[in-house]
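Dumping the structure here so I can ask a few things about it.
The values are calculated or read from the model by the stated rules, or taken from the named source; none is laboratory data. Being a predicted model, the structure only gives us computed values, none of them experimental. Virtual Cβ from ideal backbone geometry, glycine too; neighbours counted across all protein chains shown. The area values use the complete protein model at the heavy-atom level, side chains included, leaving out ligands, DNA and RNA. Shrake-Rupley method; radii C 1.70, N 1.55, O 1.52, S 1.80 Å.
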Amino acid sequence: MIDEIDRHADEIMGISKTILTHPESGFKEHKTSALAEGVLNDLGIETRNGLGITGVKGRLEGSSPGPSILVMGELDSNLVPQHPLADPETGTAHACGHHCQIGNMLGVAYGLVRSGVMTELAGGVNFIAVPAEEFLELEYRTELREAGKIEFLGGKPELIALGEVDDSDICMLTHATTDPPSFSIGKTNNGMVGKTIRYAGYASHAGGSPHLGTNALNAAEVALAAIHAQRDTFKDEDQIRIHPIITRGGSVVNAVPDDVRMETYVRGATFEAILDANAKVDRALRAGAMGVGAEVEIATVPGYLPYHESPDLAAVWRANAVALVGEDEIAEGGHSGGSTDMGDMSYLMPTIQPYASGATGRGHSEDYIVTDYEKAVINPAKAMAMTVVDLLHDGAKGATNVLENFVPEMTKETYLATMRDLFTTRSYTE
């Protein structure tokens, strides 16, 4: 199986490099989706497409009944117009390495199909190319939701709601990173909710009669200061991160701003900490409106749950990674203030998201470049393919052991109810 991945390494790395040159943001990844589907079809894997607009799913069957392993890759890019490989029209660029994820996911498929090893395994393997992991363009995604095209604004929550992971028992995805050594495992991530805010004031001539207006930009500035004033109320262990931006600051310079828009995330290490911080942010946003006599509309949407991994599944993967690159090339991950919808998966089933080096620069920035595709694509494909085999061989004893020791934090029904309750839109004048 490893020999087959090596034999097709140039093809697999070429897939990632092709995706790199055609970046697409979330729920718009039509070219990337078609490419991933074409490769799966060429390997003889039947697929379904259009899942969450652009998602693609295929399945390999083993020789007997058993658990199903879900191998995922993310289709979308970031919006980084300054990146040297950014699309000049859209500003999209692969500044997070998702192009490598699709490559290493498909590399697993190459290894399992070309080697014929599925005849020796129980259960099955699902492959899903997932849309919209980066939580961007909230206004656009809200429009999709209002049009009934999606329910959730992130790819994996949408696929969960659609029932596309119901036939999977264990989940894995490998993410590219700039950090040495070759691999890391054990990382945790913050969860988050997303917010869009609109301050409505009254326009008036900014020079001749500003006293007749109500300045919505001043309301936003007061709110930003009030949010900042909350920071010493957050406990260190809760890892709270709040980082608002103003997306519209007014219409013309000679009029009192009457329409000001903001976006922010509220992140935290636990769901309870996120809810607490979110309430404080709402209070600060209301204070901005009250301070200048404006109106504020606050729309909150569910983002992602905090990510944590299955230690039993991580142990199986780690043994394979050590066999590939040696003990010294495996690092233990810490906590990240960033967020991923793999957190949602980790609440429902045993999940891991190892990291593979091969990139340089800063994630989500113009200097993020994958320089070593062997490390970022081929090595992860091998480690995940070996893990699939270890989980499903011998009647799937490995997978059974992982599942027996796992207690989900939520059922699917509880998860969906919790996430749906987070959708709120409220207006305040005081």
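Can you work out the Karplus-derived ³J(HN,Hα) for every residue in the stretch 239-246? Use 6.51 cos²θ - 1.76 cosθ + 1.60 with θ = phi - 60°, whole Hz, and x for glycine or proline.
Karplus-based 3J(HN,Hα) across the stretch 239-246 equals 6, 5, 9, 10, 9, x, 10, 9 Hz.
Given a 1.4 Å probe and every protein chain left where it sits, what share in percent of the accessible area of the stretch 1-153 is carbon and sulfur? Please list the in-between numbers first.
Values: 2710 of 5650 Å².
Answer for the stretch 1-153: carbon and sulfur cover 48 percent of the accessible area.
In nm, give the distance between the simple-model label positions of D367 and D6, each being 7 Å from the Cα along the Cα-to-Cβ direction.
Label-label distance for D367 and D6, simple model: 3.6 nm.
I've got another one for you. Please tell me the relative contact order of the chain in percent, rounded to the nearest whole number, where contacts are Cα pairs under 8 Å and at least six residues apart.
Relative contact order comes out at 21 percent.
Suppose only helical runs count, i.e. DSSP H with n ≥ 4. What mean residue ellipticity at 222 nm does that imply for the chain under -39500 (n - 2.57) per run, divided by all residues and rounded to the nearest 500 deg cm²/dmol?
After summing the helix terms and dividing by residue count, I get -12000 deg cm²/dmol.
Based on alpha-carbon positions alone, could you give the equivalent ellipsoid semi-axes of the chain from the gyration tensor, as √(5λ), descending, whole Å?
42, 22, 19
Given labels modelled 7 Å from the Cα in the Cβ direction, how far is it in nm from H205 to R114?
In this crude label model, H205 to R114 measures out at 7.4 nm.
Let me ask another. Viscosity 1.002 mPa s, temperature 20 °C: Stokes-Einstein D of the stretch 1-105 from its Kirkwood Cα radius, in µm² per second?
146
At q = 0.13, 0.14, 0.22, 0.27 Å⁻¹, what is the log10 ratio I(q)/I(0) for the stretch 266-342, with the Debye formula run over Cα points and no solvent?
These q points yield log10 I(q)/I(0) values of -0.61, -0.66, -1.04, -1.22.
Here is a further query. Per 0.36 nm of contour for each residue apart, how much would the distance between S63 and E297 grow if the chain were fully extended, relative to their Cα-Cα spacing?
Numbers: separation 234, 0.36 × 234 = 84.24 nm, distance 5.58 nm.
So the extension gain works out to 78.7 nm.
Amide H neighbours of L121 under 5 Å, at least 5 residues apart or on other chains, H built in the peptide plane: list them.
Residues meeting the criterion, in which the H sits 1.01 Å from N, are S63.
Residue farthest toward the positive end of the dipole of the chain, with Cβ of Lys/Arg at +1 and Asp/Glu at -1: which of V222, G148, S16?
V222
Within the stretch 106-139, whose backbone N sits under 13 Å from a point 7 Å along Cα→Cβ of R48?
Once the point is set 7 Å along Cα→Cβ of R48, 127-128 turn out to lie under 13 Å by backbone N, inside the stretch 106-139.
Follow-up. Within a Cβ distance under 10 Å of V322, other residues only, what is the Lys/Arg minus Asp/Glu net charge?
It works out to a net charge of -2.
Show me the helices of the chain, taken as full DSSP H stretches, that run 15 Å or more along their long axis by Cα and average -0.5 or above in Kyte-Doolittle hydropathy.
9-20, 30-42, 98-115, 216-229, 271-292, 311-325, 379-404
Can I ask one more? Where in the stretch 320-344 does the label zone of D236 land, with the point 7 angstrom along Cα→C-beta and an amide N cut-off under 12 Å?
none
Let me ask something additional. Let me make sure I get this right: for the stretch 1-58, a, b and c are the square roots of the gyration tensor eigenvalues over alpha carbons, sorted descending. Under 1.5 in a/c it's rounded, otherwise prolate if a/b > b/c, else oblate. Which is it? Present the calculation step by step, with values, prior to reporting the outcome.
Details: a/c = 3.12, a/b = 1.42, b/c = 2.20.
Taking the square roots of the gyration eigenvalues as a ≥ b ≥ c, the stretch 1-58 is oblate.
Test of understanding: in a Gaussian network model of the chain with alpha carbons linked when under 10 Å, which of G358, G250, G97 would top the mean-square fluctuation ranking?
In the Gaussian network model the winner is G250.
For the stretch 216-300, which whole percent of the accessible surface, found with a 1.4 angstrom probe, sits on carbon and sulfur atoms?
50
T360 versus T247, label points 7 Å from Cα toward the beta carbon: distance in nm?
Those two pseudo-labels are separated by 3.5 nm.
In Å², and per residue, what accessible area does the stretch 298-430 have when probed at 1.4 Å with the other protein chains present?
39
Right, here's the next one. Based on the alpha carbon coordinates of the stretch 120-201, what radius of gyration and maximum Cα-Cα distance (Dmax) apply, in Å?
17.2, 68
Between A319 and E374, what FRET efficiency follows from the Cβ-Cβ distance if R0 is 30 Å, with the result rounded to 0.05? Present the calculation step by step, with values, prior to reporting the outcome.
Values: r = 21 Å, r/R0 = 0.70.
Efficiency for this residue pair is about 0.90.
According to the Cα gyration tensor, what semi-axes, each the square root of 5 times an eigenvalue, does the equivalent ellipsoid of the stretch 317-388 have, listed from largest to smallest in whole Å?
Values: eigenvalues 83, 76, 26 Å².
In descending order the semi-axes read 20, 20, 11 Å.
Compute the whole-percent fraction of alpha carbon pairs in the stretch 306-430 spaced more than 22 Å apart.
Of all Cα-Cα pairs in the stretch 306-430, 51 percent lie more than 22 Å apart.
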